[in-house]
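The values are calculated or read from the model by the stated rules, or taken from the named source; none is laboratory data. Every value quoted in this text rests on a predicted model; they were computed, and no experiment measured them. Note that each Cβ is placed from the backbone with ideal geometry, even for glycine, and that neighbours are counted across all protein chains shown. Note: accessible area is taken over every heavy atom of the protein model, side chains too, but ligands, DNA and RNA are not part of it. Shrake-Rupley method; radii C 1.70, N 1.55, O 1.52, S 1.80 Å.
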Amino acid sequence: EMVPFLEPNDGGTVNGTVMRTRAVSLKANLGLVDAKRLLNNQVEIPPEFRDKCLVFTGTLLRGPDGGLRVACLYWGDDRLCLYFDWLDGGWHGRNRLVRCKS
């Protein structure tokens, strides 16, 4: 399921450290392996996931410049696409964490 991480007083954006901390408390701290699993089984993904960017904070990757990145999935060209976004950037309301349904 998709999980929003913004709170009313955030002003619409938080930094990556705040987002990752909230992911842990929301039990939505899935990682790269989970993102790849969704990517490989995307026919099972509900259509409401298509207008959001799904963020997987459980795995940190270091880019060539030394900056930290997290795995993300977004809908493009009629399919899910995997990319890695800067953790230091601003994370907003279009982004959602992902967690397993309980």
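Among the trypsin sites (Lys or Arg not before Pro) in the stretch 1-83, none sits in a DSSP loop with a Cβ that has at most 11 other Cβ atoms within 10 Å. In the calculated pair distance distribution of the stretch 50-102, what percentage of Cα-Cα distances lie above 15 Å? Roughly 49 percent, once rounded to a whole number. Solvent exposure of the chain amounts to 59 Å² per residue of accessible area, where only protein heavy atoms count and the probe is 1.4 Å. Taking Cβ atoms as reference points and 14 Å as the exclusive limit, the residues near Asp34 contribute a net charge of +4, counting Lys and Arg as +1 and Asp and Glu as -1. The residues packed around Gly93, meaning those with a beta-carbon under 14 Å from its beta-carbon, carry a net charge of +1 if Lys and Arg are +1 and Asp and Glu are -1. Here is the size of the chain from its Cα atoms: Rg then Dmax, 12.9, 38 Å.
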